[in-house]
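The values are calculated or read from the model by the stated rules, or taken from the named source; none is laboratory data. From a predicted model like this one, the values you see are computed outputs, not experimental measurements. For neighbour counting, all protein chains shown are included, and Cβ atoms are generated from backbone atoms with ideal geometry for every residue, glycine included.
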Amino acid sequence: MADENWKPKIIAIICNWCSYAGADLAGGARIQYPPDIRAVRVMCTGRIDPLFILKAFQDGADGVLVSGCHFGDCHYLEGNFKAAKRMFLLKSVLKNIGLDDKRLRMTFVSASEGAKWGTVMTDVVKTINELGPSPLKEFAR
Amino acid sequence: MAEVKKYEEPRIGVFVCHCGTNIAGSIDVKAVMEYARTLPNVIVADDYQYMCSTPGQNKIAEAISEQKLTGVVVAACSPRLHEPTFRNATKAGGLNPFRFEMANIREQNSWVHMHQPEEATSKAKDAVRIAVAKASLLEDLIPKSVPVEKAAMVVGGGVGGMQAALDLANAGIKTYLVEKTPSIGGRMSQLDKTFPTLDCSQCILTPKMVDVYRHEGIELLTYTEVEAVEGYIGNFDVTLRKKARGVITPAEAEARGIVGGGCTGCGDCATVCPVIKPNPFELGMAPRKAIYIYHPQVSPLIYTVDFDACVKCGLCVEACDTKQAVDLEAKDEFMTVKVGTVILALGYDIFPIEKKFEWGYKNYDNVITSLEFERLICASGPTGGHLIRPSDGATPKRVAFVLCAGSRDNTGVGKPYCSRFCCMYSLKHAHQIIEKIPGVVPYIFYMDIRSFGKMYEEFYYRIQDEGAKFIRGRVANITQDPVTKNLHVNAEDTLLGRPIDMEVDMVVLAAAIEPTAETEKTRRLFGVSCSQDGWLLEAHPKLNPCGTTTAGVYLAGVCQGPKDIPDTVAQAEGAASAASIPIHRGEVELEPYFAVCMEDKCAGCGLCVNQCPYQALALVEKEGRTVMQVTEAKCKGCGTCGGFCPGGAIWMQHFATPQIIAQIDAFLLGGEQ
């Protein structure tokens, strides 16, 4: 398991209106961050079925990031509240199956927070690097 | 509808953009294109310098018809920028435009991994693989057209809001102009003169106020606030709170059967009113009664009762006599109007500059703000246009102007941004006192003079020639001589490189501006985002500066960011033009990201119904079973129901579960393990 060439595989499921726009803004500002995260865009974090995240872990993801609008700023009023509740519950499920719940993270990055997006990216990659490869990796597929 | 429409076999075309060197500078575009050719379902892959150019778009259209593609992937910039462009190209090739998926390899790749070409290329390959997986499962979608209500609303009756309302109404659109204070006019009506032409502010504003008041196409709703907003572009239902004014208009009097009644603005009521309050229009420097108008030029000329101050003695009712205009039992009223589009022109407030305690505002009598200066120098102001020291009424001979007071301030107390018009109005203030007070010397403490507009730099030279003294340096603190109430301005003259302690008679702080107290509440009602500094966020700073991320809601004036009057009016005209387009078209297309119930899977539990913030879902009886039904016109496509359904029975069009799972699988299970 101790593969020296291991690079974390992290998936970010992010909302169209805030975090995706914030990530675009980080690009415009040329804010550099580690290239280990791949993004999947949804219209709202409320769209994220907890099964998506479990599927990602089952597929061997080392980390999953969910990022949406700040509370009160949701383009759809309250989708991010509902997502946050689901992620909170999901974290306890992850713990129960023996997966470090730090592998799942929810952040709130607005469309004007390009710099924050860079910080979040750097921080998530750092956390996952510290945790090492997911124990589910060898069972993937 | 709920079934996945599929062609026999997905046939995907992948097009990778160089974007000059924006992408090709850090990503090996050829390698990404070659890699795409190895992916399942990919029939053709190509690359081009600029995919968004006409030849680039033609490549897509040609490939669709030649290769009978069922899906298109473009790896380029952000879908938030060019998704509409490439959807059009997809459509031009004869394919449903929703069979298009974009891989963002610029904003979220080449630009943020500029010095890691290998990793960036590998990430781009992953992004293409993820996009191809989704494109393979995309289906035809038909946007829903909805009719647009032939009416618009402008929130905020300052110069920007008035201009927008006039433009809309002149274009034949019924316009509701909502203003929270008793009169339209906004901040501009508080100003004495405008730079650099030195036009009298009221003189150029009041004709516009009258135009707005008289315009048949404008329904003016002063002393009114937005209470609730429902609906979407074309069909907003806006609930307004008409605050209890306590005075009725002639029209309202007629409706109540009072012949020749209603407020004529004569002022007899205010003459007898025993309650005296500071007038906020004069920033508290002049009194007003509990029944009041702000100033003689208010529009509409209708008095207003301040029910917080009113003692209900009834003297005003007696004074009004047969006109019966005063109604001290008035209550707030609510009304709902239907409009197609909305313009927010919410304006600004002055930053509470007393927070910068080192300048002594509110502690020292002779430290005032620029807006207070405007009222003091204005002929219709509390002193009849005589600039006096608040401490003793004397005419000041040495006046210091402190620029960037709370602006360009990174201490965390003030505002980091430039408030943009303070330099120019301070130059104007210097001119005004030189003109009015013989022998006066204005001292302007500045960081940089930002005179960026048309004829502004020339105005700056003129003020220099007129004798204003410019000192480049930030004011550290201001102290007061306790006997004379004169002020000592302590600063560093950064051009001469030495400290200054200057005694002056008066200090004028060019205080920063900030969003109004109501901006936060109003923007949330309309679902508009804000920047980090609290100003409302435009859809795109260059390409869509009047739009917002909420379709059908537009921005005008300072609420989007500090602007002077010409820029505010220009943006208002732009916003009015943008807001009139959907109304004149008569219908808008909504993105077809609706939820669809897969009735064979739906157990009718109804858990989704409470998840929907728009009440778009309901349980219905169908063929003896309870199933969920979506009202498409209400569904905005967030997918919160789809993320929650325990049976997986909700198909979120364009973001369907199999499509998203395919993306996750493509990233984690596909490619080089």
Just a yes or no: is a residue in segment A:78-91 buried (at least 18 other Cβ atoms within 10 Å of the Cβ), more than 12 Å from the chain's Cα centre (by Cα), assigned to a loop (DSSP other than H, G, I, E, B) and of a type in the set (S, T, N, Q)?
no
What are the residues in segment B:548-572 that are of a type in the set (Gly, Ala, Ser) and away from chain A (no Cβ under 13 Å), if any?
B:552, B:556, B:557, B:570, B:572
Against the condition of a type in the set (A, V, I, L, M), under 21 Å from residue B:496 (Cβ atoms) and surrounded by 21 or more Cβ atoms within 10 Å (Cβ to Cβ), how does residue B:405 come out, does it pass?
no
For residue B:323, state whether it is over 17 Å from residue B:285 (Cβ atoms), charged (D, E, K, R), modelled with pLDDT under 95 and surrounded by fewer than 22 Cβ atoms within 10 Å (Cβ to Cβ).
yes
Quick check: anything in segment B:590-602 closer than 30 Å to residue B:167 by Cα and either within 14 Å of another protein chain (Cβ to nearest Cβ) or touching a Leu at 6+ places or on another chain (Cβ under 7 Å) (or both)?
yes
Count - residues of segment B:522-581 that are of a type in the set (D, E, K, R) and farther than 25 Å from residue A:116 by Cβ:
4
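To keep it simple, each residue is scored yes or no on (1) free of Cβ contacts under 8 Å to residues at least 24 places away in the same chain; (2) more than 14 Å from chain A (Cβ to nearest Cβ).
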residue: B:21; (1), (2): yes, no
residue: B:44; (1), (2): no, yes
residue: B:53; (1), (2): yes, yes
residue: B:70; (1), (2): no, yes
residue: B:93; (1), (2): no, yes
residue: B:116; (1), (2): no, no
Residues in segment A:52-77 that are touching a residue at least 40 places away in the same chain (Cβ under 8 Å), more than 23 Å from residue B:607 (Cβ to Cβ) and part of a loop (DSSP other than H, G, I, E, B) total 7
Of the residues B:332, B:327, which is touching a Lys or Arg at 6+ places or on another chain (Cβ under 7 Å) and of a type outside the set (Lys, Arg)?
B:332
Just the residues that are closer than 12 Å to residue B:444 by Cβ and not small (Gly, Ala, Ser), please, taken from segment B:467-492.
B:469, B:470, B:471, B:472, B:475, B:489
Taking segment A:54-63 as the search range and keeping residues that are surrounded by 22 or more Cβ atoms within 10 Å (Cβ to Cβ) and touching a helix residue (DSSP H, G or I) at 6+ places or on another chain (Cβ under 7 Å), which one is farthest from the other protein chains (Cβ to nearest Cβ)?
A:63
Hey, among the residues in segment A:100-114 that are among the aliphatic types (A, V, I, L, M) and modelled with pLDDT of 95 or more, which one's farthest from residue A:49 (Cα to Cα)?
A:109
Residue list for segment A:65-104, restricted to those being within 19 Å of residue A:120 (Cα to Cα), among the aliphatic types (A, V, I, L, M) and facing chain B (nearest Cβ under 10 Å):
A:83
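A quick yes/no check of all residues on (1) within 25 Å of residue B:636 (Cβ to Cβ); (2) in contact (Cβ under 8 Å) with a residue 40 or more places away in the chain; (3) within 7 Å of chain B (Cβ to nearest Cβ); (4) surrounded by fewer than 23 Cβ atoms within 10 Å (Cβ to Cβ):
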{"residue": "A:14", "(1), (2), (3), (4)": "yes, yes, no, no"}
{"residue": "A:19", "(1), (2), (3), (4)": "yes, yes, no, no"}
{"residue": "A:22", "(1), (2), (3), (4)": "yes, yes, no, no"}
{"residue": "A:30", "(1), (2), (3), (4)": "no, no, yes, yes"}
{"residue": "A:36", "(1), (2), (3), (4)": "no, yes, no, yes"}
{"residue": "A:43", "(1), (2), (3), (4)": "yes, no, yes, no"}
{"residue": "A:46", "(1), (2), (3), (4)": "yes, no, yes, no"}
It is to be established whether one or more residues within segment A:116-129 are assigned to a loop (DSSP other than H, G, I, E, B), away from chain B (no Cβ under 14 Å) and either closer than 30 Å to residue B:532 by Cα or touching a residue at least 12 places away in the same chain (Cβ under 8 Å) (or both).
no
Is there a residue being modelled with pLDDT of 95 or more and within 31 Å of the chain's Cα centre (by Cα) anywhere in segment B:245-265?
yes
Out of (1) within 22 Å of residue A:26 (Cα to Cα); (2) surrounded by 22 or more Cβ atoms within 10 Å (Cβ to Cβ), the odd one out for residue A:116 is which?
(2)
Any chance residue B:616 is small (Gly, Ala, Ser), within 14 Å of chain A (Cβ to nearest Cβ), touching a residue at least 12 places away in the same chain (Cβ under 8 Å) and closer than 30 Å to residue A:10 by Cα
no
On the given criteria, is residue B:537 within 14 Å of chain A (Cβ to nearest Cβ) and within 26 Å of residue B:413 (Cβ to Cβ)?
yes
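Conditions tested, residue by residue: (1) out of contact with any Ser or Thr (no Cβ under 8 Å at 6 or more places or on another chain); (2) under 17 Å from residue A:30 (Cα atoms).
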{"position": "B:74", "(1), (2)": "yes, no"}
{"position": "B:79", "(1), (2)": "yes, no"}
{"position": "B:87", "(1), (2)": "yes, no"}
{"position": "B:97", "(1), (2)": "no, no"}
{"position": "B:100", "(1), (2)": "no, no"}
{"position": "B:106", "(1), (2)": "no, yes"}
{"position": "B:116", "(1), (2)": "no, yes"}
{"position": "B:119", "(1), (2)": "yes, yes"}
{"position": "B:137", "(1), (2)": "yes, no"}
Listed residues B:650, B:661; which is on the phi < 0 side of the Ramachandran plot, more than 7 Å from chain A (Cβ to nearest Cβ) and modelled with pLDDT of 95 or more?
B:650
Could you check residue A:51 against (1) touching a Ser or Thr at 6+ places or on another chain (Cβ under 9 Å); (2) of a type in the set (A, V, I, L, M); (3) buried (at least 18 other Cβ atoms within 10 Å of the Cβ) and say which number it fails?
(3)
Answer residue from segment B:350-378, given it is charged (D, E, K, R) and touching a Lys or Arg at 6+ places or on another chain (Cβ under 9 Å) and is surrounded by the most Cβ atoms within 10 Å (Cβ to Cβ) among those:
B:374
Which listed residue, of B:623, B:632, is touching a residue at least 24 places away in the same chain (Cβ under 8 Å), more than 9 Å from chain A (Cβ to nearest Cβ) and surrounded by fewer than 19 Cβ atoms within 10 Å (Cβ to Cβ):
B:632
Filter segment B:448-475 down to the residues that are modelled with pLDDT of 95 or more and hydrophobic (A, V, I, L, M, F, W, C), then identify the one that is surrounded by the fewest Cβ atoms within 10 Å (Cβ to Cβ).
B:455
Would you say residue B:362 is over 30 Å from residue B:174 (Cα atoms) and over 26 Å from the mean Cα position of the chain (by Cα)?
yes
